[in-house]
Each structure stands twice: as C-alpha cells, then as structure tokens.
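This report concerns only the one structure given below.
Readers should treat all values here as calculations from the given coordinates under stated rules, not as data from a laboratory. None of the values given here were measured: they were computed from a predicted structure. As a convention, Cβ positions derive from the backbone with ideal geometry for all residues, glycine included, and neighbour counts pool all protein chains shown.
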Amino acid sequence: MQAPSRDERELYYYGLPSRPELVARSSNHVWYRPPHMPEPSEDDDGDDPLYPKLLLPAKHPLLMRIWNNEASFRDQILEAVDKTRLSAIDIMRIMQKGESQNVLMISVKPYTLLWEDGRQIALQCKAILESHGVHDVHCEIRESVVRTL
C-alpha cells in the first residue's frame, strides 16, 4: 500500500468536527474523494462518493471485554505505540452511509509520525487484535490533540 494522498490525509475523517488528519491505517480499502471536491483523481470513478463520518461508541463485546479486563492486550497495544507522541487510544465505531465499523483509533500529536512508521504501527496493532481473536477491527492512526474541558 502506498502513502495516503494529501486529499486522503485531510478528508479521510470528513464530517468530524475536529477535522483530524489521517496518518495511517491497517485497512486496504480504497478511499474516494467527496463528490463536491474539484479535480477528482484519475482513480475516482464516482461510484462511491465520500459521505460524512460520525463517531459512535463501539459495539464489539469481545474487544470491549479484552480491553477492559486483559492487561496483556492493553500492554501489547501500548508497547506498539510506545515510540509515538500519543494523545489518546480509543475504541470507536465509525459510521458512514448508514454502515459502521469498529476501529482501534490511535491519536498522535500533529506532525510527529510519518506514514511509513504509522503504517507499521497500525499493522502491528491489527496483528495484536487478531492474536486475541478480534479479526473484524482495523487500526487507524490520526493526528489529534486532546483537550480537557
């Protein structure tokens, strides 16, 4: 997989108020530009336009159980992200066009993680998920600053 384009980095989380930027992800699904953006890429056939995304609480009993009860799982994830400027780790459900996907969401401080390193971390986290029996959750890394209110 190649690094995300500038448009993908900036628009992957289209619809989220904080407008985080994508660093890397473990999935290989094809990203499409929003239909209202000028100069669509050559790969965009227009059949699958980007719709706004919503963040919702996760709905994955196994993942929630191991995250809340198995220190080894959390320790493995924390070790995988140890060299990042971590802001947060969240287990979220991302909804788009009425469909949702549970995601292990890693937030890092802006401009602190290159795609190459982020991709390796995302794949490592995906492998950790699978080693604990969670095969239907991907890992995404985004730039985000956590603010206390």
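Give the lysines reachable from Lys126 as a straight Cα distance under 22 Å; neighbours fewer than 8 places away on the same chain don't count.
Qualifying lysines at Cα under 22 Å: Lys53, Lys59, Lys83, Lys109.
Tell me, what is the FRET efficiency for Asp75 and Lys53 to the nearest 0.05, using R0 = 30 angstrom and their Cβ-Cβ distance as r?
Details: r = 30 Å, r/R0 = 0.99.
For Asp75 and Lys53, the calculated efficiency is 0.50.
On a full-extension model of 0.36 nm per residue, what is the gain between Asp136 and Leu62, subtracting their alpha-carbon distance, rounded to one decimal in nm?
25.6 nm
In nm, what is the difference between 0.36 nm times the number of residues separating Asn28 and Asp117 and their Cα-Cα distance?
Answer, rounded to one decimal: 30.4 nm.
How do Asp90, Asp75 rank when sorted from fewest to most other Cβ atoms within 10 Å of their own Cβ?
Listed from fewest to most nearby Cβ atoms, that is Asp75, Asp90.
Find the relative contact order for the chain and round it to a whole percent, using C-alpha pairs within less than 8 Å whose residues are 6+ positions apart. If you can, show how the numbers build up before the last one.
Working: 241 pairs, mean separation 43.3, N = 149.
The value is 29 percent.
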